[in-house]
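To start, the structure itself, in structure tokens.
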Amino acid sequence: MTQAHPTTGATVDPECPVSLELLGEVYRADEYDLPYILETIPALTRAKLAAYLYGKSHMHQLGLKVARACEREDLIRAVGEIGSVIYGQSRLKPTQAAPEIEVPAGRGRGAPAAQPKKVKISLGGSAAKGRSFD
């Protein structure tokens, strides 16, 4: 079976508050350029963009970055009370790394590491035992 792929390029999502070109600029911007790009966007449109990106699972973190450039009132005006949640989450400090685990005596840096145990998992569930999916 062949699969058809669109050849006309990206389509504009009617929910996106900015042009596809501007969305691409925001998406590709590094941490230094992003604030300069965001300051060119009107406050209410920027708040709508933050909520739009926040709602996309693959752009959630970018939505929080955009929300950091927004006022709480603008986010609430743009998307209602969820704007307050987005605003709060955008101001949270990043979580700290997990603390290091103490190595038992005799297992310091010079000691050989134990080989990790290989575990088989089934994506087909328990009913898939004995079946081959190759």
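The values are calculated or read from the model by the stated rules, or taken from the named source; none is laboratory data. It should be emphasised that the depicted structure is a prediction, and the values quoted were computed from it without experimental measurement. Here the Cβ is made from the backbone with ideal geometry for all residues, glycine too, and neighbour counts use every protein chain on show. The protein model used for the area step is the full one, side chains on, heavy atoms only, and it has no ligands, DNA or RNA in it. Shrake-Rupley method; radii C 1.70, N 1.55, O 1.52, S 1.80 Å.
The set of residues from region 21-57 being within 19 Å of the chain's Cα centre (by Cα) and over 16 Å from SER90 (Cα atoms) comprises LEU22, LEU23, GLY24, GLU25, VAL26, TYR27, ARG28, ALA29, ASP30, TYR32, ASP33. When ARG107 is tested against (1) in a helix (DSSP H, G or I); (2) at pLDDT below 95, only condition (1) is not met. With respect to the conditions (1) open to solvent by 60 Å² or more (accessible area, probe 1.4 Å); (2) in contact with a His (Cβ under 9 Å, 6 or more places away or on another chain), THR40 lacks only one, and its number is (2). Among the residues here, ALA69 qualifies as within 22 Å of ARG28 (Cα to Cα) and either open to solvent by less than 40 Å² (accessible area, probe 1.4 Å) or touching a Lys or Arg at 6+ places or on another chain (Cβ under 9 Å) (or both).
Condition check ((1) more than 20 Å from THR11 (Cβ to Cβ); (2) not charged (D, E, K, R)) across all residues:
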{"site": "GLY24", "(1), (2)": "no, yes"}
{"site": "TYR27", "(1), (2)": "no, yes"}
{"site": "LEU34", "(1), (2)": "yes, yes"}
{"site": "ALA69", "(1), (2)": "yes, yes"}
{"site": "ASP74", "(1), (2)": "yes, no"}
{"site": "ARG77", "(1), (2)": "yes, no"}
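Results for (1) in contact with a Leu (Cβ under 9 Å, 6 or more places away or on another chain); (2) under 25 Å from ARG77 (Cβ atoms); (3) in a loop (DSSP other than H, G, I, E, B); (4) at pLDDT below 95, shown as yes or no for each residue.
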residue	(1), (2), (3), (4)
THR2	no, no, yes, yes
THR8	no, no, yes, yes
ASP13	yes, yes, yes, yes
CYS16	yes, yes, yes, yes
GLY24	no, no, no, yes
LEU44	no, yes, no, no
